[in-house]
Amino acid sequence: MTAGAVAQASPATWDWDIAQRMMPELLRGLSVTLQATLVGITVAMVLGLVLAMARRSSLPVVRWPVVGFIEFVRSTPLLVQLFFLFFVLPDLGVRLSGFTAGVLGLGLHYATYTSEAYRSGIENVEKGQWEAAVACNLSTRTTWGSVVLPQAIPTVIPALGNYLVAMLKDAPLLSTIAVLELLAVARQLNSQLFRPLEAFSLAALLFLAVSIPAAILVRYLEKRYGYSRE
Amino acid sequence: MATRENEPTSDGESAGGRPSPERPMVRFDSVTKAFGDNVVLDGLDFEVAAGEKLVIIGPSGSGKTTILRVLMTLERPDSGMIEVGGEHLYHEERGGKLVKASEKHVRRVRGKISMVFQHFFLFPHKTVLENITLGPVKALGVPKDEARERACKLLELVGMEGKHDQYPASLSGGQKQRVAIARALAMQPKVMLFDEVTSALDPELVGEVLGVLRDLALNTDMTMLLVTHEMGFAKEIGDRVVMFDNGRVVEEGPPRQMFSQPREARTRSFLDAVLDHE
C-alpha cells in the first residue's frame, strides 16, 4: 500500500508497511526516552541520598529547608515542575534546553521519593550500629560510608527499581516541553501519516518492551537484596 | 599483646595493673543526666584509677549503663564534667576558660575509650577480620597489613582464630561477643567499657566470654569498667565494686567486703535478690 491510501477514513486495519516506516523514528524517540530516564534516575538516586542524609543532620538549618523542599515538590504535579523549569526559569535568566529541564524535573521530582526510600533504609539500620561506630571512634563520614549506607542501600534497591519503571512511564510528560521522546514522535508521525493505530500501538509496545524487562529486573533485585541478613 | 604496647604515657600507673592512687584515669564530677523526668545520673561523682577493674552493680534501670554510655559519648550529660586520662571529655580550655568542647576534641579524647555492648553490634556486612580492622585503619590510621596482622593476634587472644573470613551471622552469640571484644581491643583503648556483655548470651555460652574477660582483667593494665550481673565473676576480677541505684552510688568497696558484709540495706536486698536467683 502507498501513502496515498492513508488518508481514507475506512475502519483501520493494521498496515505493516506503515509500521515499518514508522519504526526508525520511533526508535529514535525511544532512545531519547531511555536517555532521559537513565539520567533522571541517576539524578534522583544521588540527590535523594543527599536529601535523606541531610534530613538526619543535627543542624535544624540544614534539616528544615530539606523537609520543606521535599514536601513542596511532592505536593505539586510533575507537569507543573516541568513547566516551571522550562518556561519560568528563562524569565529568571536561566535558559535550559527541553531535555535538560526535563531530566532535571524528573530527577528532582523522583529524588523526593527516593529520599523517603533511603530514609526508611537508613532508619532500619539498628541504632547499635551507630553506637559501635562511635566505640570504634569512626568519623561521621566513615560511619556513613563504611557502616550505615552499605547496610541501608541494599534494602532500598528494589524501591529504586520501581521508581525507575515509574519514571520511564512519566517520561512522555517531557513531550510538553519540546522533547522528542517516544510519545512525541508517535504524535508527530500520526499527524503526518494519519495512522494513529500504528503510531500509538507501536509506541505502547516499545514502552512495554522496556518496562517489562525492567520490572523483571526489579523482581530479581527484590529477591537478591530483600531482607536476607540476620 | 597489642593492648600493652599502647601505654607509653602511663606515668601514673604502677606495674601489674594495680590502681594508682594519685591520677585517676576516669573522673566524674557532678554528672547529671535525665531522660524526661527520669533522673538516671544524679550529680554523680566518682573516680576510677588507672588500671583499676571497676565493677558496677545495681538494679536494672538504676542508670548504671548510662555511666558507660556518657563516658563513650553515646549520651551527652546534662551537666557536670568528665575527665579521661587527665583530659576533659566534653570541655576544653580556650582563652584560659573551660568551654564546651568541639566535636573534634570529643572525638580525640573518646579515642582513649572503647566499649563492648550487650548485643554485640558487630557490622553484619563485614567479615570478622574487617570488623576488627575498620576502626584501626579508618580512625587510627594503621596501615592495612599491620591492622590485619594485629587483628589476627587479637582473634587468637579471644580464641577465634580461623574465623577471619566468616560473617557475623554465622557465629554463635558467644563467638560474636568474643569478636566484639577483639574489635574493641584493636582500638588500643586505655579504658574499656563492658555493658552487661554476657546478658544476651545463652547460659552455656557465658563461660567462654567470661574466660576471655578474666584473661584481660588479670593480664593487662587497661582500666576496665564492667556493668554485670555475674556476681561470682565480679568478686573474682574486680578491684572495687560500686553499688548504684537511683542515679547515685549507694555504696562501694572491695568485692570481698561488698558481697559478704554490705553496709547498706539497699545493697543487701539487691544482692539477696540476685544471689538467690543464681
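Label-to-label distance for B:Ser79 and B:Gln166 is 5.0 nm, based on points extended 7 Å past Cα in the beta-carbon direction. A straight Cα-to-Cα reach below 17 Å connects B:Lys53 with the lysines B:Lys64, B:Lys112, B:Lys190, B:Lys235, residues fewer than 8 places away in its own chain not being considered. May I ask for the net charge around B:Asp195, where only other residues with Cβ less than 11 Å from the Cβ of B:Asp195 are counted and Lys, Arg are +1 while Asp, Glu are -1? Taking every Cβ under 11 Å from that of B:Asp195, the sum is 0.
Stokes-Einstein diffusion for chain A, with the hydrodynamic radius set to the Kirkwood value over Cα pairs and evaluated at 20 °C in a medium of 1.002 mPa s, equals 107 µm²/s. Kirkwood radius for chain B, taken over all pairs of different Cα atoms as the inverse mean of 1/r, rounds to 19.3 Å. Across region B:165-278, counting alpha-carbon atoms alone, Rg and Dmax equal 15.4, 51 Å. Excluding ligands, DNA and RNA, the accessible surface per residue across region A:1-133 is 54 Å² with a 1.4 Å probe. Residues whose amide H falls under 5 Å from that of B:Lys53, counting only those 5 or more places apart or on a different chain, are B:Met224, B:Asp239, B:Arg240, with hydrogens built in the peptide plane.
Taking the alpha carbon gyration tensor of region A:55-160, multiplying each eigenvalue by 5 and rooting it gives semi-axes of 34, 15, 12 Å, largest first. To put it simply, the accessible area of region B:76-222 at a 1.4 Å probe is 48 percent carbon and sulfur. Note on region B:12-126: Rg/Rh from Cα positions, Kirkwood definition for Rh, rounded to two decimals, is 0.98. Using the Cβ of B:Lys104 as centre and a radius below 14 Å, the other residues enclosed give a net charge of +3, where K and R count +1 and D and E count -1.
So for region B:97-146, what are the equivalent ellipsoid semi-axes in whole Å, largest first, each being the square root of 5 times an eigenvalue of the Cα gyration tensor? It would help to have the intermediate numbers written out before the result.
On the way: eigenvalues 141, 50, 13 Å².
Value: 27, 16, 8 Å, ordered largest first.
Rounded to whole Å, give me the distance from the Cα center of region B:219-278 to that of region A:84-156. Cα centroid to Cα centroid, the span is 48 Å.
Loop-only trypsin sites (Lys or Arg not before Pro) in region A:27-72, please: DSSP not H, G, I, E or B, and at most 16 other Cβ atoms within 10 Å. Can you show the working numbers first?
Details: sites: A:Arg28, A:Arg55, A:Arg56, A:Arg63; in loops: A:Arg56.
Answer by residue number: A:Arg56.
Taking every DSSP bridge with both residues inside the protein assembly as shown, close to 60 percent are antiparallel. Under a GNM of chain A (C-alpha, springs under 10 Å), which listed residue has the highest mean-square fluctuation: A:Val210, A:Val179, A:Val61? Its mean-square fluctuation being the largest, the pick is A:Val61.
Taking 0.36 nm per intervening residue step and subtracting the Cα-Cα distance, what contour gain separates B:Asp215 from B:Ser260 on full extension? Could the numbers behind the result be given before it?
On the way: separation 45, 0.36 × 45 = 16.20 nm, distance 2.48 nm.
The span from B:Asp215 to B:Ser260 would gain 13.7 nm if fully extended.
Over the residues of the protein assembly as shown, compute the C-alpha Rg and express it relative to 2.2 N^0.38 Å. Working it through for the protein assembly as shown, the quotient is 1.35. Using C-alpha pairs under 8 Å with a sequence gap of at least 6, the mean separation divided by the residue count of chain B gives a relative contact order of 25 percent.
When only alpha carbons of region A:1-124 are considered, Rg and Dmax amount to 21.2, 70 Å.
Annotation: peptides A:33-44, B:173-184, ranked by per-residue average of other Cβ atoms within 10 Å with the highest first, follow the order B:173-184, A:33-44.
The values are calculated or read from the model by the stated rules, or taken from the named source; none is laboratory data. Since the model is a prediction, treat every value here as computed from it, not as a measurement. Cβ coordinates were reconstructed from backbone atoms using ideal geometry, including for glycine residues, and neighbour counts include every protein chain displayed. To get the accessible areas, we keep the full protein, side chains included, count just its heavy atoms, and leave off ligands, DNA and RNA. Shrake-Rupley method; radii C 1.70, N 1.55, O 1.52, S 1.80 Å.
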